[in-house]
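The structure appears right after this line, and notes come after that.
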Amino acid sequence: MNHHQIVEWLRETDPTRLERLWHDADATRRRHVGPEVHLRGLVEVSSYCVRLCGYCGLRAANTKSRRYRMSKAEILDTARQAVALGYGTLVLQSGEDPGITVDWMTDVIRRIKAATPLAVTLSLGERADDELSAWRAAGADRYLLRFETSNRDLYHRIHPPRGDSRRDRMVILETLRRLDYELGSGVMIGIPGQSYDDLARDIEQFAALELDMIGVGPYLPHPDTPLAHLDQRPASADDQTPNDELTTYKVIALTRLVRPEANIPATTALATINGSTGWEQGLSRGANVIMPNLTPAEYRALYDIYPDKVCVHETDADRGQGLRHRIAAIGRTVGVGRGDAPSYVAGRKAAWTERAESDQDTTSTQESGEDSPYCKAKENHGLDD
Ligand code: 5AD
């Protein structure tokens with residue numbers, strides 16, 4: 001699919017043609033990631049944030065937002081709850097909170113990994129390379145960092161830099177890839193000032209970055225943020241992407257087509273604009289992951305990135321049996337185990353094979369032998385002689 005075709009699909013209004021898009025996305029999903037819907041327990045560990053993102057209710061300047069940070073014991077409790085509910089992954093998300101120190105989070109990750117079989121996904125914002133590296137070494141498996149929009153101007157308008165402006169999210173995504181995290185990113189749909197061209201480029205970017213997890217959701221204006229009160233329009237008025245349900249399904253479907261082996265959630269933001277069938281429709285049009293909220297009730301409403309987040313009203317049943325019934329009702333099964341993205345598993349296998357082959361080459365030709373213990377042993381042996 002080329003850029004022009006993606007734009008055409010994003011602008012498509014004919015229901016019959018759209019049925020074809022939903023059908024193709026669903027068939028691709030079935031072929032590449034199967035019938036399983038993977039459940040990830042989302043824990044919003046801290047609402048403190050030092051950033052000033054124009055769209056997000058947690059922005060530092062929002063004095064109306066009451067801040068909290070969960071204790072280690074509370075986080076460990078949610079991990080046990082995730083296991084009891086049969087989930088394979090715990091997602092630890094927060095604002096960009098310097099109170100979450102590298103050692104503190106390292107300990108949290110180690111304890112979760114020691115006590116449970118859960119995969120751990122981090123979504124803690126733009127952290128320093130050495131922190132990301134320490135958390136990977138402590139056992140964190142995946143990292144989510146949305147690039148929000150691939151339009152550089154728009155990105156800088158809604159996301160003022162802090163410190164080194166060259167170290168933006170694209171650079172950090174490269175670092176995360178190098179650290180061998182299973183890599184997740186995504187965008188908001190219908191940001192004021194986002195054009196159809198921009199959104200099509202976002203989707204192309206998902207493929208270029210070879211993402212393993214791709215989360216997309218509608219932009220939802222938060223009254224206590226500057227973006228909600230700004231009238232930003234792209235060059236021509238009919239070029240503004242809508243932040244609606246239909247456009248969200250189109251982006252989910254197109255994302256599945258360009259990245260068949262990725263994990264794609266039907267997001268909370270989608271369920272916020274359609275609480276009754278948003279998840280089902282997302283899952284039927286390309287998505288294969290749901291992230292039920294496990295944040296303790298007393299904190300949940302305080303993690304106020306956008307208004308009326310659907311999970312605030314969720315009950316225990318919505319996270320357990322009720323959710324399983326909804327998944328079964330659309331002919332799908334609940335995933336067992338960690339639910340790694342096939343794209344990541346295949347990438348790792350390829351890297352191992354390449355390494356094994358190059359090790360073999362090295363041993364047979366007895367060249368450099370830098371990272372082959374076998375060669376080093378031989379060289380040492382020679383020296384000893
Ligand atoms: N509307 C929709 N999504 C939002 N996010 C933050 N604020 C909003 C909003 N007002 C999304 C961003 C962020 C993710 C954690 O939540 O994409 O990366």
Exercise. What FRET efficiency, computed as 1/(1 + (r/R0)^6) with R0 = 25 Å and r the Cβ-Cβ distance, is obtained for residue 329 and residue 24, rounded to the nearest 0.05?
Worked result: 0.65
Exercise. What is the distance, in nm, between label points placed 7 Å from the Cα along the Cα-to-Cβ direction at residue 316 and at residue 361?
Worked result: 5.8 nm
Seminar exercise, completed: Treating only Lys and Arg (+1) and Asp and Glu (-1) as charged, each at its beta carbon, one finds that the chain has a dipole about its Cα centre, in Debye to the nearest 20, of 1060 debye
Exercise. From Cα coordinates alone, what are the radius of gyration and Dmax values for the chain in angstrom?
Worked result: 21.9, 79
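Just the ratio, please: alpha-carbon radius of gyration of the range 256-310 over 2.2 N^0.38 Å, N its number of residues.
Numbers: Rg = 12.8 Å, N = 55, 2.2 N^0.38 = 10.1 Å.
So the range 256-310 has a normalised radius of gyration of 1.27.
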Problem set entry | Fewest-first ranking of 298, 314, 174, using other Cβ atoms within 10 Å as the exposure measure | 298, 174, 314
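Per DSSP helix of 4 or more residues, -39500 (n - 2.57); summed, then divided by the residues of the chain. What does that give at 222 nm, rounded to the nearest 500?
Numbers: 16 runs with 175 residues, N = 385.
Roughly -13500 deg cm²/dmol at 222 nm, from the helical runs in the chain.
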Problem set entry | Pair-distance profile P(r), taking every C-alpha pair of the range 1-129, with 10 angstrom steps and integer % | 11, 29, 22, 24, 14, 1
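By average Cβ neighbour count within 10 Å, what is the ranking of 284-297, 147-160 from highest down? Write down the numbers at each step before the final one.
On the way: 284-297: 22.9, 147-160: 18.4.
For the peptides 284-297, 147-160, the packing ranking is 284-297, 147-160.
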Seminar exercise, completed: Where a ≥ b ≥ c are root eigenvalues of the Cα gyration tensor, a/c under 1.5 meaning rounded, otherwise prolate if a/b exceeds b/c and oblate otherwise, the range 193-310 counts as oblate
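Assuming 0.36 nm per residue, please report the length gained on full extension of the stretch residue 302 to residue 129 beyond their Cα-Cα distance. It would help to have the intermediate numbers written out before the result.
On the way: separation 173, 0.36 × 173 = 62.28 nm, distance 2.89 nm.
That works out to 59.4 nm of additional length.
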Seminar exercise, completed: In the range 207-310, taking the dipole from +1 charges on Lys and Arg beta carbons and -1 charges on Asp and Glu beta carbons about the Cα centre, the listed residue (227, 272, 287) farthest towards the positive end is 287
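What order do you get for 94-100, 121-127 when each peptide is scored by the mean count of other beta carbon atoms within 10 Å, highest first?
Those peptides, ordered most packed to least, come out 121-127, 94-100.
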For this session: Net charge near residue 64: determine it from the other residues with C-beta under 10 Å of the C-beta of residue 64, scoring Lys and Arg +1 and Asp and Glu -1.
Result: -1
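Within the P(r) computed for the range 240-362, what percentage of the Cα pairs occupies the region above 24 Å?
Details: 3109 of 7503 pairs.
Value for the range 240-362: 41 percent of Cα pairs lie more than 24 Å apart.
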Exercise. How big is the charge dipole of the range 47-191 about its Cα centre, in debye rounded to the nearest 20, if each Lys and Arg gets +1 on its Cβ and each Asp and Glu gets -1 on its Cβ?
Worked result: 360 debye
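Calculate the dipole size of the range 2-46 relative to its Cα centre from +1 charges on Lys and Arg beta carbons and -1 charges on Asp and Glu beta carbons; express the result in debye to the nearest 20. List each step's numbers first, then the result.
On the way: 7 positive and 8 negative charges, 31 e Å.
Charge dipole of the range 2-46: 140 debye, to the nearest 20.
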For this session: For the range 138-242, list log₁₀ I(q)/I(0) at each q in 0.15 Å⁻¹, using the Debye formula over Cα point scatterers of equal strength and ignoring solvent, two decimals each.
Result: -0.67
Exercise. So, by mean Cβ neighbours within 10 angstrom, what's the order for 71-82, 348-359, 243-254 with the highest one leading?
Worked result: 243-254, 71-82, 348-359
Problem set entry | Debye intensity ratio in log₁₀ form over the Cα atoms of the range 283-330, taken at each q of 0.16, 0.17, 0.29, 0.33 Å⁻¹ | -0.53, -0.60, -1.12, -1.23
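Each reported figure results from applying straightforward, stated rules to the coordinates on display, with no laboratory input. Not measured: the values here are computed from a predicted model. So basically every Cβ, Gly included, is an ideal-geometry build from the backbone, and we count neighbours across all protein chains shown.
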